[in-house]
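Novice: Attaching a single structure in structure tokens format; questions to follow.
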Amino acid sequence: MGSTDKQIAPPQGRVEAWYKVTGSGKYAAEYNIPELAHAVFVTSTIPAGRIKQLHLDDARQVGGVIDIISHLHRPEVSVMLDDKAFKESKFTFKLFHTDEVYFKGQPIAMVIAETPEEAAYAASLVTADYSESAFNTDFENAWSKTTLKTGKDRGNPDASPANAIVVDEVYQIPAEVHHPMEMHATIAQWTSDNKLRLWDKTQGVNMVQKTMSTLMGIPKENIEVTAEFMGGGFGSGLRVWANTLAATLGSKQTGRPVKLVLTRPQMFSLSGYRPQSRQRVKLTADASGKLTGLIHQSWTGTSVYEDFGEDVTRISRLIYGAENLRTESGDVKLNLSTPTYMRAPGECSGAFGLESAMDELSYKLKLDPVTLRMANISDQKHPDNGKPWSTHHLKDALNKGAQMIGWNDRNATPAQQTDGLWQVGYGMAVGMWNAGRSKASAAAVLHPDGSVTIQTAMTDIGTGTGTGMFNMAEATLGVPKDKLHIELGSSKLPPAPNQGGSTGLSSLSGAVIDACNSLQQKLAQLAAGTNKAYQTADPKQIRLGKTEISIAGKEGVSYRSLFAAANGEPIYAEVTSAPGTEKETWAFATSAAHFCKVRVHRHTGKVVVDRYVCVADGGRVVNEKAAANQVIGSVAGGIGMALMEERQVDHRLGSLVGDDLASYHFAVNADVPIVEVAFVGEPDTRLNPAGLKGLGEIGIIGAAPAITNAIYNATGKRHRDLPLTPDKTV
Ligand code: MOS
């Protein structure tokens, strides 16, 4: 993010903020490419069947139409013709390579025209004849026919000890949609027969390179992908969707660069969503509150053409040490598009089941919900694999959160506290997430003017990755803020994994710090030519000043003399950093304690979240403001999940309804109180050199149950089906 206007005031907060706020930072759809043509999808109007005929004549008459792509007229993607190769390609469905219709809204054709308006108008004139098949979009009709896959049992989960206290309930979450502000979009341009240039909205440029290389049958080095700025991702950018391939095929067909931007309604079915889920949670405890048994079963929706397989029950193998355990899950096939990862995939849904059930258990046992957690959290070792936690501070988070919200001063008996027409209650829940790290590369470059650029291919989806890199490079090199620049989101830069799963900065930290150290090493060697003191010095002590490098107590060496020795070329240090064997010995996780106070209106059922406290253990906090922002955003997502978010389907038609932002409600500023965020814990340097564990997901894992548990405390009414809209809470 330093490619434009490096002279502008140095970023003190987010490194990308200035570019985003002024509009100078470009999103995928915003690049001006000469000769650009515009594409618009035509989508199926039935949920299942076959296309018998496409009627294109009217569309072809529209001025400006260049071509119309369909399964009858497109460049061939040979991978699509081989089932095994297609599956391995990790692409979704056989776009423009089948007459089969799997869901309503599936792209069946694409109009390419000189302007977006001409393309949209022509696309509206395309019709199709179909032979329709029977279909089902209703999860309720299908889940019971789904076979569950069993995880490895622990102990004897079927045992029913005498005098046991049991909670055995079903919890349900509808499908939810990511809805980043920026629509998924691609500009594709073939610069030669076998060279492809893509500007794509994605959470991983190298992932796009790889998938598109498989689909188009060209080396990945021949594909350049740019995703420098992103207007949010939430998981929707973790794989290649139809728009990227369609634009690529359109460009191949027409010889023009082609831009395709999804419409907001298309964002409901062409870029994934959180699958609908049904969970059964059975908790068995002794009278002291010690969990003796845990059974967690889940059914999650998927499409008819792909098993997505969200692991909702994984969280039941992560937090508590129940001796007897069974987890099972299964995919429910529906005539809807394929879901994907969304905002803490798996654990977020699972926490609603598990942490609601824990709350129910606490009331049955007449035990404080915090005390019940304290008695069961496995804080010494990972309850499933038995490895010791490298760091684990969930109990500290609970203590701190309870104190921040005044937990012990609340009325623990449900439906006792009122404020006029409002019923008031407090709730809590906890969350955990396996912390990870992947192989990543970064470069540190010193330019002759003394400025430093830190580069990596990783995208920053708004999480503050670039800002974290900035903070780490600044601390390692001592370079003045206005001389330090971050470059991200291009496959031309050192390769990096997707940004997702709370692993972005965790993966990059090693590479960034090592690249800075490697640069220091090179500088020490160059400096030793002019100043012998640098021969024996520890290169890590080198600080990069405005005009010279220096080490405390030694005379500085000017950039002028350094670059004379380097022939005036930038000094470039690229490093790849990967996890070692630490996971063989240690277990790593982030955790959070969620507390909130809600009001529920007696007459209207309106729920207001009055206070929200989230205390997280994410290891080292690199940048407190950016880290707290992550948590606040996650909590806002949790409020939407608890109270509003639901993708609606009309099962008679197999059709999404209310597929726009006027009808699909999520939490906005007016729904979110000042979220009180605090951090506990310690740097976990076994995971990565910076000791950070990632904070992307943990703010939402446990948020929805904390709110629904508070609603129970307020009203005495237990809710197990999200979202808690006023018709349910009144
Ligand atoms: Mo995310 S679902 O880790 O982008």
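Novice: Reported to two decimal places, what Rg/Rh ratio describes the chain when computed on Cα atoms with Rh from the Kirkwood expression?
Specialist: 1.00
Novice: Just flag the trypsin sites (Lys or Arg not before Pro) in the stretch 224-295 sitting in loop per DSSP whose Cβ has no more than 16 other Cβ atoms within 10 Å.
Specialist: Within the stretch 224-295, the qualifying trypsin sites (Lys or Arg not before Pro) (loop, at most 16 other Cβ atoms within 10 Å) are Lys290.
Novice: Please compute one quarter of the surface area of the Cα convex hull for the stretch 128-272 and express it in square nanometres.
Specialist: Convex hull of Cα atoms, orientation-averaged projection: 14.7 nm².
Novice: If you count only protein heavy atoms with a 1.4 Å probe, what accessible area per residue comes out for the chain, rounded to a whole Å²?
Specialist: Dividing the accessible area of the chain by its residue count gives 37 Å².
Novice: How much accessible area does Thr263 have with a 1.4 Å probe, in Å² rounded to the nearest 10?
Specialist: 60
Novice: Below 8 Å, C-alpha to C-alpha, sequence gap of six or more: please give me the relative contact order for the chain in percent.
Specialist: 16
Novice: Exceeding 23 Å between C-alpha atoms, which entries from my cross-link table qualify? They are Lys381/Lys625; Lys387/Lys625; Lys400/Lys625; Lys282/Lys364.
Specialist: From Lys381/Lys625; Lys387/Lys625; Lys400/Lys625; Lys282/Lys364, over 23 Å: Lys381/Lys625; Lys387/Lys625.
Novice: Further question: Which three extents, in whole angstrom, do the alpha-carbon atoms of the stretch 465-616 cover along their principal axes, largest first?
Specialist: 80, 38, 33
Novice: Still on this structure, please answer the following. Carbon and sulfur: what percent of the stretch 372-467's accessible surface (1.4 Å probe)?
Specialist: Here carbon and sulfur together make up 41 percent of the probe-accessible area.
Novice: Based only on the alpha carbon positions, what is the Kirkwood hydrodynamic radius of the stretch 397-555, in angstrom?
Specialist: 19.0
Novice: Another question, if that's okay. At 1.4 Å probe size, with no ligands or nucleic acids counted, give the accessible surface of Glu169 in Å², nearest ten.
Specialist: 60
Novice: Let a ≥ b ≥ c be the square roots of the eigenvalues of the Cα gyration tensor of the stretch 308-426; is it rounded (a/c under 1.5), or, if not, prolate (a/b larger than b/c) or oblate?
Specialist: oblate
Novice: So, one more: Exceeding 28 Å between C-alpha atoms, which entries from my cross-link table qualify? They are Lys87/Lys145; Lys20/Lys220; Lys290/Lys333.
Specialist: Lys20/Lys220; Lys290/Lys333
Novice: Calculate the translational D of the stretch 40-99 in whole µm² s⁻¹ from Stokes-Einstein, where the hydrodynamic radius comes from the Kirkwood formula applied to all Cα pairs, the temperature is 25 °C and the viscosity 0.890 mPa s.
Specialist: For the chosen part, D equals 182 µm²/s.
Novice: Once the dipole of the chain is set up with Lys and Arg at +1 and Asp and Glu at -1 on Cβ about the Cα centre, which of Leu523, Gly353, Gly420 lies farthest towards its positive end?
Specialist: Among Leu523, Gly353, Gly420, the one farthest towards the positive end of the dipole of the chain is Leu523.
Novice: Any chance you could run the full-extension gain for Glu584 through Lys540? It's 0.36 nm times the residue separation minus the Cα-Cα distance, nm to one decimal.
Specialist: Taking 0.36 nm per residue and subtracting the Cα distance, the gain is 12.8 nm.
Novice: If I compute solvent accessible area with a 1.4 Å probe over the protein chains, what percent of it on the stretch 250-325 is carbon and sulfur?
Specialist: 45
Novice: Projected onto the charge dipole of the chain (+1 at Lys/Arg Cβ, -1 at Asp/Glu Cβ, origin at the Cα centre), which of Met469, Ala589, Ile112 gives the Cα projection farthest towards the positive end?
Specialist: Ala589
Novice: What is the dipole size for the stretch 389-462, taken about its Cα centre, with +1 at each Lys and Arg Cβ and -1 at each Asp and Glu Cβ, in debye to the nearest 20?
Specialist: 300
Novice: Assign unit charges at the C-beta atoms only (+1 for Lys and Arg, -1 for Asp and Glu), then state the dipole size of the chain relative to its Cα centre in Debye, rounded to the nearest 20.
Specialist: That gives a dipole near 1220 debye.
Novice: Starting at the first residue of the stretch 500-506, write each ³J(HN,Hα) from the Karplus equation 6.51 cos²θ - 1.76 cosθ + 1.60 with θ = phi - 60°, in whole Hz, x for Gly and Pro.
Specialist: Calculated HN-Hα couplings, in order: x, x, 6, 10, x, 6, 4 Hz.
Novice: If the only charges are +1 at each Lys and Arg Cβ and -1 at each Asp and Glu Cβ, what is the size of the charge dipole of the stretch 208-346 around the Cα centre, to the nearest 20 debye?
Specialist: Here the stretch 208-346 has a charge dipole of around 260 debye.
Novice: Of Ser362, Ser144, which has the most accessible area and how do the rest follow, probe 1.4 Å?
Specialist: Ser144, Ser362
Novice: Now for a separate question. Positive end of the charge dipole of the chain (Lys, Arg +1 and Asp, Glu -1 on Cβ, about the Cα centre): tell me which of Tyr712, Tyr102, Val557 has its Cα farthest that way.
Specialist: Val557
The values are calculated or read from the model by the stated rules, or taken from the named source; none is laboratory data. Predicted model only: the values in this text are computed from it and were never measured. Glycine also receives a Cβ, built like all others from the backbone with ideal geometry; neighbour counts cover every protein chain displayed. The protein model used for the area step is the full one, side chains on, heavy atoms only, and it has no ligands, DNA or RNA in it. Shrake-Rupley method; radii C 1.70, N 1.55, O 1.52, S 1.80 Å.
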